[in-house]
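The values are calculated or read from the model by the stated rules, or taken from the named source; none is laboratory data. These numbers were taken from a predicted model, which means no experiment stands behind them. No Cβ is skipped: glycine too gets one built from the backbone with ideal geometry, and neighbour counts run over all protein chains shown. Calculation scope for accessible area: heavy atoms of the full protein, side chains included, ligands and nucleic acids excluded. Shrake-Rupley method; radii C 1.70, N 1.55, O 1.52, S 1.80 Å.
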Amino acid sequence: MDLNDAVLTCAVNIHWTNAVGITGRKLAYRTATLRLVRNDLREIFVEVTPEKLKPLKFKLKDIMVHKKFMAEGKATFNFKAEQCSLYLSNAPPGTLMLFLRTIFIKMNGGGDGALDDAALQKKLREQMLGSRPSSFEEISPVTTAEMVLARKKAGLITRASTTTPSPQAAKKRRFEELKGAGGEAGQSVPAAKKLYAASPLAATQTEDSLRLNEEQMEVLRACLAGKNVFFTGSAGTGKSFLLRKIISALPPEGTVATASTGVAACLIGGTTLHAFAGIGGGDATAQRCLELASRPVAAQTWRKCKRLIIDEISMVDGQYFEKIEAVARHIRRNERPFGGIQLILCGDFLQLPPVVKGETAVQRFCFQSSAWESCVQCVYELKQVHRQSDPEFVKILNHLRIGHVNETIAARLVSTSKQKIEGNGILATQLCSHTNDANSINDSKLEHLSGDKVLFRAEDSDAGMSKQLDQQVQAPAQLYLKINAQVMLLKNINIANGLVNGARGVVVRIEKGLPVVRFKNNQEHVCRHEKWIIKTATGGVLTRRQVPLKLAWAFSIHKSQGLTLDCVEMSLSKVFEAGQAYVALSRAKSLQSVRILDFDAKQVWANPQVLQFYKNFRRRLIDTSLIPLGPKNKDKKPAAAGSTSSALAKLKKSLMNKPLVSIS
Ligand SMILES: Nc1ncnc2c1ncn2[C@@H]1O[C@H](COP(=O)(O)OP(=O)(O)OP(=O)(O)O)[C@@H](O)[C@H]1O
Ligand SMILES: [Mg+2]
C-alpha cells in the first residue's frame, strides 16, 4: 500500500503509573492520530494528536511493544522512563502493522541520518545554550538500506526461511523490547518476523508483501473515502486479494466482512452473509424477516455495523439482498440505503449465479433488485489478471467468460485432453460439477491406498461452534491421511517458494506426528498446524487449528469458486449453470496444468441478463471516467458542453460498441 507508513489513526488510552506501579492519570481518546517525528537530536518520538486537541509526544527509547493482537487492531507501548503506557485499539490492522514496522526499522535500521557522537554533543550544547529552539520534523520514509540493516539485526536474513518459531519463542516475542535510536540498538534485537514479512525484501514471502497495482489502489481509496463501492473483474484479477487489503486498512470496529459462501468468507477472514444477517435462509416473508432481525443479538449486530463487505456477490440472491437492505433501514431507523451502512461489494456475475431452491424458484441476481441501484455509488472493473500469466490462456478465459467459443479456442481446449500434467507422484485433481461425486471419489481413493490411516483432529476454540467452522474453514475437523494420499495446501506458507494456498502435493511420510508433503515443485515441507480465524455474526472470533491440508483427488466446482488450483482435470459434460465451465477452467494457473477430458463448446454459456448488465455497467464506467460521479450523480453536469459534449458522445459510442473482450 502506498499509504503513509508513519501515520496511524485509532483509539488511544494513555495511563501513567507511579513509582510503585499504581495507575494515576488516565486519558482516553476515541480517535487520535499517531505520527512518528524526530527532534533535531534525531531522537524518535511518537506524537499523539487527539481530535481538536494539542499533540502529546512520547520518546521512543527503552520501550516495550506488545503486538500479539495486532491483527485485531490492538497494540500497547510501555515507556519505561516515562512510566506510561499507550493502549492502541480499533486501528486498521494493516496500517498498524506498517506503523509498527516503521518503528522497528527506524529504531533498528540505524540510518536516516542518526547523529554521530560529536554532532550529538554539538546539538546538545546548542540546545542548552538556548541558541535554537527544539523543533520536530516528520520521519522520512523507510529506506531499503534501513530495512536490510534492521532485518540483519533481527536475525531474519540468515535464518532459514521456512522455520517456524517454537511456541515459547513466539510467546517471548509478543513483547518486543526496543532500546531506541542512538542508544544501545542491537543489544536486544526484536525478531519481528511478521512485521518484516510485510516488506518486499522478506525472505519468507507472504501475501502481505505483495503490492496493490494502480487499479486496485483506486478501489481502496474509494473504500477509505467511505464510498459505496461495487468492484468486479474476471477471475484472478485479485478481487479477494484486494478485499483482504481493504479490510486490513479499515478500523475493525463496525467493519463486517462477509461472503455468499463459507469458503469465500474464510478466504477474507469473515463470516457468511447469512450468518451475519440473522434472517435465516431469507425464505420468510419480508415482515417475518424484520421480526427475525429484531431479535436482540441480530439487531445489535446490525446497529453496530458501519461497513458491510460482501465477496462473491454473484451468488447472493436478489430477493435476499432486497430483504436485508430493508432490514438494515428498519433496525437502524435510518431511511438511507442500507440504513446508512457503507457497502463494499465484489464479485464477478459471469461466474456462479445464486443457488435457487426448488424447481419453480426464479433465479434473480443482486443487480436485478431494486436495492442495487440505490445502494451502489461507485463501480470499478479490475482488468489485470494475476492468477494466470500466459496471455493466450487469459485471452481464452476472457472469451469463455462471455460464453464465446470459436474454433481455435475449442481446438486448443480439446488438445489439453491428452496432456500429461501429473509429475512427482502428484495426480491431477478432478473438478466435478456435483459435490457428492467429489466426496465419494476422495473417500474411495483413500480407502484403496495401502497402509494405516492417520487421523489429524482439529482443535476448535469452541467445540459448540464446530459446525460453523466446518462450513467456513476448508480444513476439515477430522482429516484422515495415508502415505501417498493426494493433498492440497490450504494456506500461503511461502509464496516465493510456491507453497501457496491450492498447491498440490502428496504425503510422503509422517514425521513426529506431522505429515510431510512433497509438492509439485519437488519441495518437501513438514505441514505444521496452522490457525484459521473466522468472525461470528456477533463479531466474536472462532479459531480452528489443524494441519493445512485437504484430500485433493477431487473437488466440486462450486467449492472451488474463489480458489487457485494446481494441476486440474475436468469433465464438463454435466455442468448445469451458466459460468460453471468458466469457473472450473479459471481455477488453473496455466493451460499446461489443466486437462479437459471431453470439451464441447455447448458446455460454455453466459447468462444473457448478466451480459446485458455488464453492457450497462460499461456505460456507467465510461460515464464515471468522463464525469465525476457523486451519489446518484443526478445534478452533476458533464464538465464540457457544446462541441466537447458531442466528442464525449462519440467516444462513448465507440467504446460501447466494443465487445466485452475483443474477439479475434
Ligand atoms: N497486485 C497483485 N500483485 C501480485 N499478485 C496478486 C495481486 N493481486 C492479486 N494477486 C494474486 O492473484 C491471485 C488471484 O487473486 P484472487 O483470488 O484475489 O482473485 P479473484 O479476482 O478474487 O478471483 P476469483 O474471481 O476467482 O475469486 C492470488 O494468488 C493473488 O495473491
Ligand atoms: Mg475471489
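Subtract the Cα-Cα distance of residue 40 and residue 452 from 0.36 nm times their separation in residues, and report this length gain in nm to one decimal. If you can, show how the numbers build up before the last one.
Details: separation 412, 0.36 × 412 = 148.32 nm, distance 6.85 nm.
Contour length minus the Cα-Cα distance gives 141.5 nm.
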Problem - Efficiency of FRET from Cβ geometry, residue 53 and residue 466, R₀ 60 Å, rounded to 0.05 - result: 0.80
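Taking the Cα centre of region 317-378 as origin, work out the dipole magnitude from +1 charges on Lys and Arg Cβ and -1 charges on Asp and Glu Cβ, in debye rounded to 20.
300
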Handout entry: region 288-356 - percent of accessible surface contributed by carbon and sulfur, probe 1.4 Å
Key = 49
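List, in the order given, every pair from 589/615; 59/106; 383/589 whose Cα-Cα distance in the structure shown is over 19 Å.
With Cα atoms farther than 19 Å apart: 589/615.
Which of the trypsin sites (Lys or Arg not before Pro) across region 408-487 are loop residues per DSSP, with 16 or fewer other Cβ within 10 Å? Before the final figure, lay out each step's value.
Values: sites: 412, 418, 420, 445, 453, 457, 467, 482; in loops: 420, 453, 482.
Counting only loop positions with at most 16 other Cβ atoms within 10 Å, the trypsin sites (Lys or Arg not before Pro) in region 408-487 are 420, 453.
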Exercise for the section: Go through 287, 368, 237 and say which Cα lies farthest out towards the positive end of the charge dipole of region 215-382; charges sit on Cβ, +1 for Lys and Arg, -1 for Asp and Glu. Expected result: 287
Problem - Extreme residue, positive dipole direction of region 522-627, given options 532, 558, 583 (C-beta unit charges) - result: 532
Exercise for the section: Would you please give the residues with an amide H less than 5 Å from that of residue 342, counting only those at least 5 places away or on a separate chain, with H modeled from the backbone geometry? Expected result: 307, 308
Problem - region 297-385: GluC sites (Glu not before Pro) falling in loop per DSSP and having at most 15 other Cβ within 10 Å - result: 335, 359
Completion exercise
So for R0 = 41 Å, FRET eff. of residue 444-residue 218 from the Cβ-Cβ r, to 0.05, ends up at 0.25
Exercise for the section: About the Cα centre of region 215-382, how large is the charge dipole given +1 on each Lys and Arg Cβ and -1 on each Asp and Glu Cβ? Please answer in debye to the nearest 20. Expected result: 680
Handout entry: Cα-Cα pairs of region 7-110 separated by more than 25 Å (percent)
Key = 15
Practice task
Calculate one ³J(HN,Hα) per residue across region 384-398 by plugging θ = phi - 60° into the Karplus curve 6.51 cos²θ - 1.76 cosθ + 1.60, and present them in order as whole Hz with x for glycine and proline.
Solution key: 7, 7, 9, 5, 10, 10, 7, x, 5, 5, 4, 5, 4, 4, 4
Problem - Share of alpha-carbon pairs per 5 Å distance bin for region 29-73, given as whole % - result: 5, 19, 19, 23, 21, 9, 2
Handout entry: Cα-projected label distance for residue 30 with residue 286, points at 7 Å along beta-carbon direction, nm
Key = 3.3
Practice task
Convert 20 °C to kelvin, take the viscosity as 1.002 mPa s, use the Kirkwood radius over C-alpha pairs of region 215-382 as Rh, and evaluate the Stokes-Einstein diffusion coefficient in µm²/s, rounded to a whole number.
Solution key: 135
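Roll a 1.4 Å probe over the protein chains and send me the accessible area per residue for region 391-603 in Å². Each step should come with its number before you reach the end.
Values: 8980 Å² over 213 residues.
In whole numbers, region 391-603 has 42 Å² accessible per residue.
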Problem - Sequence-distant residues sharing a close amide H with residue 44 (under 5 Å, placed H) - result: 60, 181
Fill in the blank from the handout: Rounded to the nearest Å, the spacing of the alpha-carbon centers of region 328-402 and region 226-296 is 12
Handout entry: Relative counts (whole %) of C-alpha pair distances in region 391-603, using bins that are 5 Å wide
Key = 1, 7, 14, 18, 18, 16, 12, 8, 4, 2, 0
Exercise for the section: Provide the per residue accessible area, probe 1.4 Å, for region 215-382, rounded to a whole number of square angstrom. Expected result: 34
Problem - Alpha carbon centroid spacing (whole Å) that separates region 72-86 from region 452-509 - result: 38
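How large, in percent, is the carbon and sulfur part of the accessible surface of region 7-110 at a probe radius of 1.4 Å?
Numbers: 2250 of 4280 Å².
Ligands and nucleic acids excluded, carbon and sulfur give 53 percent.
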